[in-house]
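Notes for the one structure printed next.
The values are calculated or read from the model by the stated rules, or taken from the named source; none is laboratory data. It should be emphasised that the depicted structure is a prediction, and the values quoted were computed from it without experimental measurement. All Cβ positions, even for glycine, are placed from backbone atoms using ideal geometry, and neighbour counts span all protein chains on display. Keep in mind that these areas ignore ligands, DNA and RNA; they rest on the heavy atoms of the full protein, side chains included. Shrake-Rupley method; radii C 1.70, N 1.55, O 1.52, S 1.80 Å.
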Amino acid sequence: TVVDPWLLSQFAANPGDPDDAEKNPYPIDADMVGNGVPYAILTTLVNQDLFGGPPEPKFEYLGGFFYDPRADSTVGGSGGQRWNSPATWEYTCNPVVVAYNSLRGISWDGQWLFGLQGTAPARLPLDSWFAGMNACDALREKAAGGFEPMYRCGGLVAVDSEPAAFLEELLKPCNARFAEVGGYMKIRVGMSGAAVMSFTD
């Protein structure tokens, strides 16, 4: 909601150099807030004799919010999330939740953005999808102690990429498969189940 006070104190009077903004950055003023934009402030002291320039950092941050039908009490889940109210959605790293949203179509500010368009929710039977989502969230013990979800995902996706190719990559972390049966799209997650019948000749 306000400009970073340290940046303002250090660079408010900076003249700026359009030819070398790295060494002489533009001035920071009180209007440079960046509403709705994730950012990091990184301060470094670099010995030019030892290094060719400042470090080139990479940052890992939480992704977008997605609708999880398990948290929607109007469709058989439990909670206040609603498909038509993105403000109720939450961050997730569950690959099946992300796949479900992609198959229904992801919108931003009321405009379609990515995934399929106009998929009827009835075509994605929730008993199958709930089972897949739960399988991803099942806890497994970490070697260092504690627990973490069995299957997770993360990444940066260009909105002009093919949804089918995206879904294929998305299902790899949880060894999932789609099956379209009579117009219904179901999902299977994890290793194959144990045999339920055997016979000999």
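Brief remarks on what is shown
- Short-range pairs are left out: with C-alpha atoms under 8 Å and at least six residues apart, the relative contact order of the stretch 90-134 is 35 percent.
- Applying the criteria of a DSSP loop state and at most 13 other Cβ atoms within 10 Å to the trypsin sites (Lys or Arg not before Pro) of the stretch 117-158 yields K142.
- Each of L103, P86, A40 was scored by the projection of its Cα onto the charge dipole of the chain, and the greatest displacement toward the positive side belongs to L103; charges sit on the C-beta of Lys, Arg, Asp and Glu.
- Three semi-axes describe the equivalent ellipsoid of the stretch 102-189; taken as square roots of 5 times the Cα gyration tensor eigenvalues and ordered largest first, they are 26, 18, 12 Å.
- Assuming charge only on the beta carbon of Lys and Arg (+1) and of Asp and Glu (-1), the dipole of the chain about its Cα centre is about 1100 debye to the nearest 20.
- Each residue, Y26 and E90, gets one label point 7 Å from its Cα in the Cβ direction; the gap between the two is 3.9 nm.
- Once backbone amide H atoms are built at 1.01 Å from N, D68 has E90 as its partners under 5 Å, excluding neighbours fewer than 5 places away on the same chain.
- Solvent-accessible area, 1.4 Å probe, carbon plus sulfur percent, for the stretch 1-152: 55
- Column: log10 I(q)/I(0), Debye, Cα scatterers of the stretch 87-147, q = 0.18, 0.25 Å⁻¹: -0.75, -1.14
- Cleavage-rule hits, GluC sites (Glu not before Pro), the stretch 109-188, DSSP coil, Cβ neighbours within 10 Å at most 10: none
- In the chain, the ratio of gyration radius to Kirkwood radius, Rg to Rh, stands at 1.12 when only Cα atoms are counted.
- Dipole check for the stretch 115-201: with +1 at the C-beta of Lys and Arg, -1 at the C-beta of Asp and Glu, and the Cα centre as origin, the magnitude is about 160 Debye.
- The stretch 32-150 pair-distance distribution - Cα-Cα, 5 Å bins, rounded %: 2, 9, 14, 17, 15, 11, 10, 8, 6, 4, 3, 1, 0
- On the basis of the beta-carbon distance and an R0 of 41 Å, L116 and A195 show a calculated FRET efficiency of 0.75.
- Calculated [222 nm] ellipticity per residue, helices only, for the chain: -5500 deg cm²/dmol; basis is -39500 (n - 2.57) per DSSP H run with n ≥ 4, divided by all residues, nearest 500.
- Its relative contact order, with pairs defined as Cα atoms under 8 Å and 6+ residues apart, puts the chain at 12 percent.
- Cα long-axis angle, helix 95-104 against the chain (0 to 90 degrees, to the nearest 10): 80
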